[in-house]
1. Among the residues of region 164-177, which ones are open to solvent by 70 Å² or more (accessible area, probe 1.4 Å) and of a type in the set (A, V, I, L, M, F, W, C)?
2. Here's a check for you: in region 123-158, which residue that is without any contact (Cβ under 8 Å) to a residue 40 or more places away in the chain and of a type outside the set (A, V, I, L, M, F, W, C) is least open to solvent (accessible area, probe 1.4 Å)?
3. Would you call residue 45 modelled with pLDDT of 95 or more, open to solvent by less than 30 Å² (accessible area, probe 1.4 Å), over 13 Å from residue 224 (Cα atoms) and part of a helix (DSSP H, G or I)?
4. Looking at region 345-366, can you tell me whether even one residue there is polar (S, T, N, Q), surrounded by fewer than 18 Cβ atoms within 10 Å (Cβ to Cβ) and closer than 22 Å to residue 209 by Cβ?
5. Can you name every residue in region 301-318 that is open to solvent by 90 Å² or more (accessible area, probe 1.4 Å) and in contact with a Lys or Arg (Cβ under 8 Å, 6 or more places away or on another chain)?
6. Please give the helices (runs of 4 or more DSSP H) falling wholly within region 203-306 in which 2 or more residues are among the polar types (S, T, N, Q).
7. Take the conditions part of a helix (DSSP H, G or I), among the hydrophobic types (A, V, I, L, M, F, W, C) and surrounded by fewer than 22 Cβ atoms within 10 Å (Cβ to Cβ) and apply them to residue 195. Does it pass?
8. For region 74-112, which positions are of a type in the set (Phe, Trp, Tyr) and either touching a Phe, Trp or Tyr at 6+ places or on another chain (Cβ under 6 Å) or open to solvent by 20 Å² or more (accessible area, probe 1.4 Å) (or both)?
Amino acid sequence: MRARRLGRGFRAYLLPGIVFQSVLIGGAYATGREIVEYGAQYGVAGVWCIVALGLGFSVMAVLTFEFARRHRTYDYRSFMQSLVGPLWPLFDVIYAVMVLVTVAVVIAASVRVAESVLGLPEALSIAVVIVLVVVLEVGGRRQIERFKTLGSVVLYVSFAVFAGVVLAGTWENIHHVFQAAREVEIPQIGVPALLFVGVLYVGYNLGAMPATLFVLDDQHRFRHTLLAGIVTGIMATVPFVLTYLALMGHYATGDVLLAEVPWLEMLPGSLTPVYAVVILWTLVETSTGMLHAVIQRVDTHLYSTGRRRLSRMHTGLLTAAILLAAVACSRFGIIALVSRGYGTLAYGFLLLFATPLLFRLLTRRL
C-alpha cells in the first residue's frame with residue numbers, strides 16, 4: 001500500500017516535470033544556442049531573463065495543470081477547445097510548426113556533432129533516431145513514461161557534469177565578468193526589456209506543455225497541480241542557469257557565443273564523445289514527447305468523428321513522416337531556426353495559450 005502511494009505521488013508531483021523537462025532540454029538546452037539568444041548575450045544583465053523565465057515556467061505549469069485537472073482535458077485538442085473555443089485550430093497550426101522547428105534544431109545539432117565527433121554518417125544517425133522514436137511511440141504511454149523517467153535522470157546528470165567541468169575551468173573568468181558588471185552595466189539594456197526576453201523564452205517553450213497532458217490524470221487536488229507546477233518550473237530553470245553560467249566563462253572573448261553549438265566549443269575534447277551521445281539521446285527524448293502529443297491529437301480527432309483509432313502501423317508511419325519533414329527543415333541551420341523561428345512562435349503561444357489561462361485566473365474562471 002505504501003509503495004502504491006509513493007507511486008501515485010511520483011506520478012502526481014514529479015512525472016509532469018520530468019516529461020516537460022525531457023521535451024524542453026532537446027529544443028531549449030542541448031545546443032546552448034537558445035541560452036545565448038535569450039540570456040547569455042546580455043552578460044550579467046541576463047540574470048533578469050532568468051528571473052522572468054523561472055517565474056514564468058512555474059506559473060504557466062501550475063495554471064496548465066490546474067486547468068487540465070478541472071476540465072479533465074488530457075490531450076491538447078480537448079484542452080485547447082476548452083481554453084479558447086472556436087480558435088483552437090489556430091493552435092494546431094502553431095503547434096505543428098513548433099514541432100518541426102524544435103525537432104529540426106535538435107536534428108541539425110545532433111547530426112553535426114555525431115558526424116564531427118563520432119564519425120557517424122548523417123544518414124545513419126537520422127535512421128537510428130527515427131527507429132528509436134517509432135519504437136517508443138508504437139509501444140505506447142507506459143513505455144514512453146519509463147523511457148522519459150530514465151532519460152531525464154541521464155540528461156540531468158550529464159548536463160550537470162558538463163556544466164561542472166566547464167565552470168571549474170572558467171570560474172575566474174566568470175568572477176571577472178560579474179565583478180566588472182558592478183562598475184559598468186553590460187550591455188546597456190533596461191530591466192523591463194530583459195524581463196520581456198525571459199517571457200518570450202517561456203512563450204516559445206509553452207509549446208512543450210501539451211506534451212505533459214497525457215500524464216496529468218493522476219492529479220486530483222489543487223495541491224497536486226500547485227506542487228507539480230513549482231517542481232516543473234524549477235526543473236526547467238536549473239539547466240538554463242547552469243548553461244548560462246558556463247557561457248559567462250567565455251563572455252569576454254565572445255567566440256563561443258557565436259558558435260552554432262556552444263556546448264561543443266566549451267567542452268574539453270575528452271568529453272565531446274559523451275556529449276555527442278547525449279545530444280542524440282536528447283533528440284529521441286524531445287521527439288518522443290512532442291510527437292506523442294501530435295499522435296494523441298490525431299487519435300482523438302479520429303475517435304470523435306467516428307473513425308478507427310490509429311493502429312500501431314499508422315502510428316509508426318505518422319511518426320516517421322513527421323521526423324523526415326523535420327530533417328528537411330533542419331537544412332535551414334540552427335542559428336536561423338532559433339533566432340527567427342523561436343521568436344515568431346513565442347508570440348503565438350503567448351497569445352493563444354498564456355493569455356487565455358491568465359485571463360481565466362484573473363476572472364476566477366480557471
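The values are calculated or read from the model by the stated rules, or taken from the named source; none is laboratory data. Quick caveat, the model's predicted, so the values are computed rather than measured. Cβ coordinates were reconstructed from backbone atoms using ideal geometry, including for glycine residues, and neighbour counts include every protein chain displayed. Surface areas here come from the heavy atoms of the whole protein model, side chains and all, with no ligands, DNA or RNA. Shrake-Rupley method; radii C 1.70, N 1.55, O 1.52, S 1.80 Å.
1. 168, 171 - these are the residues of region 164-177 that are open to solvent by 70 Å² or more (accessible area, probe 1.4 Å) and of a type in the set (A, V, I, L, M, F, W, C).
2. Taking region 123-158 first, the residues without any contact (Cβ under 8 Å) to a residue 40 or more places away in the chain are 123-124, 127, 131, 135, 139-140, 142-143, 146, 150, 153, 157.
Then drop every residue that is not of a type outside the set (A, V, I, L, M, F, W, C), which leaves 139-140, 142-143, 146.
Details: 139: 37, 140: 19, 142: 122, 143: 63, 146: 156 Å².
Restricting to residues being without any contact (Cβ under 8 Å) to a residue 40 or more places away in the chain and of a type outside the set (A, V, I, L, M, F, W, C), the top hit is 140.
3. On the way: modelled with pLDDT of 95 or more: no; open to solvent by less than 30 Å² (accessible area, probe 1.4 Å): yes; over 13 Å from residue 224 (Cα atoms): yes; part of a helix (DSSP H, G or I): yes.
Answer is no for this residue.
4. Step one: of region 345-366, the residues polar (S, T, N, Q) are 355, 363.
Narrowing further to those that are surrounded by fewer than 18 Cβ atoms within 10 Å (Cβ to Cβ): 355, 363.
Next, from what is left, pick out any that are closer than 22 Å to residue 209 by Cβ: 355, 363.
Yes, that holds for at least one residue.
5. Across region 301-318, the qualifying residue is only 303.
6. Working: elements: 222-248, 262-266, 272-304.
The helices (runs of 4 or more DSSP H) meeting that bar are 222-248, 272-304.
7. Numbers: part of a helix (DSSP H, G or I): yes; among the hydrophobic types (A, V, I, L, M, F, W, C): yes; surrounded by fewer than 22 Cβ atoms within 10 Å (Cβ to Cβ): yes.
Yes.
8. Within region 74-112, the first condition is being of a type in the set (Phe, Trp, Tyr), and the residues that meet it are 74, 76, 79, 88, 91, 95.
Selection gives 74, 88.
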